[in-house]
Structures are given as structure tokens and as C-alpha cells.
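Some notes on the structure that comes next.
The values are calculated or read from the model by the stated rules, or taken from the named source; none is laboratory data. Please read these numbers as outputs of a predicted model, since none were measured by experiment. Positions of Cβ are generated from backbone atoms using ideal geometry, with glycine treated the same way; all protein chains shown enter the neighbour counts. With ligands, DNA and RNA removed, areas are computed over all heavy atoms of the protein, side chains included. Shrake-Rupley method; radii C 1.70, N 1.55, O 1.52, S 1.80 Å.
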Amino acid sequence: MVGTHPAQLGTTGLPAPWEPGQTGAHLWAVRVGAYAADALAGDGLLDPGERARCQAFVRDADRVRYRVAHVALRRLLGAYLDRNPAAVRFVREPCPGCGEPHGRPAVPGAPLHFSLSHAGDAVLLAFAGVPVGVDVEEVPTADAAAEVAAVLHPAERAELAALPRSEFRAAVGRCWSRKEAYLKGVGIGLGELPSVTYVGTGRVPGDVPAWTVADVACPPGYAAACAVRTAEAT
């Protein structure tokens, strides 16, 4: 089961250490503007690679968003793993499509999986004892929504074609956030075409074999979703 209302980092205390056997996903949300000063104070938690990627952004807004997301991730992982956030080491799991090391990010030997997404002023994180993916997106413009709709699953395209134009953008945003969350959970990302797996565009996500996909509460103007693996795919 996926909880759909994230805890808010900065107003909620850090979690207790992770206990093996916990079920469902623990969701956390962060507002970039509200957490930017805390993240700047925690910049020393980032490793050299993270700091280099942060500084490589041209726009200040992108640097701030990256720092907020990755400092938040380290602080939460540090709490769940009961270790210094600066000592958390990341690796990439093998991609399920090609076997190369660009699949899900992971912490070696950790009893939990995690996922991170950010867009605009929103950051969303998930932690679970099984593979998990999250995504948060700003609701697309009309032009961007039309471009995304053209590459979706045939059944999703049919659903969108039947909608009033006033509902089109929000429905595309819902569908895309679900799809991204699922593909990040699988670890293949857009190595799988968006037309392959049906997640649905309606108010209730479609059924995805071996996964639970749920929409996540988020600020107005955004769409967000979480996907948690419930069984091994056959």
C-alpha cells in the first residue's frame, strides 16, 4: 500500500531508523523556497561529485533545487540508516534493460530502497523495503501536453482524446508522473518507451502488473505519483 500524503521535511522531525519488514512507502515532500537556507547550511553533507554537479548548473534556481533535493535525501537516509548523512555512499544498480550500471540509485547494503524527484518548487522522496519510484511534475503547458500525449500508450491516447480540452493538461500531467514513477521504480527510466506500459490518465491509476501505482498529494499546479513493487514481474 502506498501512502498518498507525504510528510513535510522541515516541519516534521526526521524519522526513526528503518526497521526491516516495514511495508508500504514512506513519502516526504520539501518546498525548495522554504528549505533553501537549511540546504545551504548543509552543503557540506554533499560529496564532491554532488557539489560539482550542483555548481555546473547555469541557473541559480537549478542549483538551489538540486542542493535542496540532495541535502534532503542525505538527511533522510542518514536518519533511516542511523549514520552520518555525509557518510552515505551511493551506487547505481544494473539497468534491467541492458545490464549497465545506470539503473536505480542505491546505498550498498541498506535495508531500504529510495527514489527522488524534483520540479519547480517541489521535491518528493520515497523510501521502501522494496523497489520504489516517485515523480513530481509541473502541469505541462498545452503545447507540451500535446507532445507528451502523442507518445503515450494507445489506450491512454484514446482516453485523452475523449476529454474536454479543459481537463487535458491535468490528465497528461497525472499520466506522465505515474509513468515516470513506475519506470524509475523499475530502474529502466525512458529506456522503455512511454507507449509500452499503461498507467492511465483518469482519476484512478490503471493496474500495473507487480506494482502499486498511486497519485500523491502535491501543491496546486503539480502532479505527483509513487510506484511500489508488490511482486516479482513474470
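On the given criteria, is residue 198 in a helix (DSSP H, G or I), crowded, with 19+ Cβ neighbours inside 10 Å and in contact with a strand residue (DSSP E or B) (Cβ under 8 Å, 6 or more places away or on another chain)? Write out each step before concluding.
Values: in a helix (DSSP H, G or I): no; crowded, with 19+ Cβ neighbours inside 10 Å: yes; in contact with a strand residue (DSSP E or B) (Cβ under 8 Å, 6 or more places away or on another chain): yes.
Judged against the criteria, residue 198 is not a match.
Looking at 145, 158 in this structure, which one is farther than 26 Å from residue 105 by Cα, out of contact with any His (no Cβ under 6 Å at 6 or more places or on another chain) and touching a residue at least 24 places away in the same chain (Cβ under 8 Å)? Please lay out each step first, then the result.
Values: 158 fails: touching a residue at least 24 places away in the same chain (Cβ under 8 Å).
Just one listed residue meets the conditions, 145.
Give segment 120-161 a look and list any residue that's assigned to a strand (DSSP E or B) and of a type in the set (A, V, I, L, M), or say none.
Looking only at segment 120-161, we keep the residues that are assigned to a strand (DSSP E or B), and these are 122-128, 132-138.
Selection gives 122, 123, 124, 125, 126, 128, 132, 134, 136.
Would you be able to tell me the number of residues in segment 174-185 that are in contact (Cβ under 8 Å) with a residue 60 or more places away in the chain and either polar (S, T, N, Q) or open to solvent by 40 Å² or more (accessible area, probe 1.4 Å) (or both)?
Kept after step one, since they are in contact (Cβ under 8 Å) with a residue 60 or more places away in the chain, are these residues of segment 174-185: 180-181, 184-185.
Of the ones still in play, those that are also either polar (S, T, N, Q) or open to solvent by 40 Å² or more (accessible area, probe 1.4 Å) (or both) are 184.
Count: 1.
Could you please find all residues in segment 156-173 being open to solvent by 40 Å² or more (accessible area, probe 1.4 Å) and out of contact with any Cys (no Cβ under 9 Å at 6 or more places or on another chain)? If you could, list the steps in order and put the result at the bottom.
Step one: list which residues in segment 156-173 are open to solvent by 40 Å² or more (accessible area, probe 1.4 Å), which gives 157-159, 161-167, 169-170.
157, 158, 161, 162, 163, 164, 165, 166, 167, 169, 170 - these are the residues of segment 156-173 that are open to solvent by 40 Å² or more (accessible area, probe 1.4 Å) and out of contact with any Cys (no Cβ under 9 Å at 6 or more places or on another chain).
Please go through segment 116-134 and pick out each residue that is open to solvent by 10 Å² or more (accessible area, probe 1.4 Å) and touching a helix residue (DSSP H, G or I) at 6+ places or on another chain (Cβ under 6 Å).
Matches in segment 116-134: 116, 118, 121.
Name the one entry in 59, 67, 83, 75 that is open to solvent by 50 Å² or more (accessible area, probe 1.4 Å) and within 19 Å of the chain's Cα centre (by Cα).
On the way: 59 fails: within 19 Å of the chain's Cα centre (by Cα); 67 fails: open to solvent by 50 Å² or more (accessible area, probe 1.4 Å); 83 fails: within 19 Å of the chain's Cα centre (by Cα).
Of 59, 67, 83, 75, the one residue that is open to solvent by 50 Å² or more (accessible area, probe 1.4 Å) and within 19 Å of the chain's Cα centre (by Cα) is 75.
Report yes if residue 213 is aliphatic (A, V, I, L, M), open to solvent by less than 40 Å² (accessible area, probe 1.4 Å) and either in a loop (DSSP other than H, G, I, E, B) or closer than 30 Å to residue 33 by Cα (or both), otherwise no. If you could, list the steps in order and put the result at the bottom.
Values: aliphatic (A, V, I, L, M): yes; open to solvent by less than 40 Å² (accessible area, probe 1.4 Å): yes; either in a loop (DSSP other than H, G, I, E, B) or closer than 30 Å to residue 33 by Cα (or both): yes.
Against the criterion (aliphatic (A, V, I, L, M), open to solvent by less than 40 Å² (accessible area, probe 1.4 Å) and either in a loop (DSSP other than H, G, I, E, B) or closer than 30 Å to residue 33 by Cα (or both)), residue 213 qualifies.
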